[in-house]
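Take a look at the structure set out below.
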Amino acid sequence: MVPDRLALPSPMPLPELGEAGALPVEAAALVQAYQRASKADATVRAYRADAEAFGAWCAPLRLPIAAGQP
């Protein structure tokens, strides 16, 4: 018989959420460090260059760079 939910042990206690559900500063810094380490520098530069090129294409057409509201 397979249980409906598996109870996995937590490696460390979860911190309390800060204002408006924001992560605590320590957790946010850790997440940011993982995000930075997840991409090679060349990939980040390529993404930035692509975003700038797209923004330059949107500007004369007066189009928003980011998508609208979900």
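The values are calculated or read from the model by the stated rules, or taken from the named source; none is laboratory data. This is a predicted model, so every value here is computed, not measured. All Cβ positions, even for glycine, are placed from backbone atoms using ideal geometry, and neighbour counts span all protein chains on display.
For (1) touching a strand residue (DSSP E or B) at 6+ places or on another chain (Cβ under 6 Å); (2) surrounded by 10 or more Cβ atoms within 10 Å (Cβ to Cβ); (3) at pLDDT below 90, each residue gets a yes or a no:
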| position | (1), (2), (3) |
| --- | --- |
| Pro3 | no, no, yes |
| Ala7 | no, no, yes |
| Gln32 | no, yes, yes |
| Arg36 | no, yes, yes |
| Ala42 | no, no, no |
| Pro60 | no, no, no |
| Ile65 | no, yes, yes |
| Gln69 | no, no, yes |
Legend entry - Extreme residue, surrounded by the most Cβ atoms within 10 Å (Cβ to Cβ), among residues of the range 9-30 that are in a helix (DSSP H, G or I) and modelled with pLDDT of 80 or more: Ala27
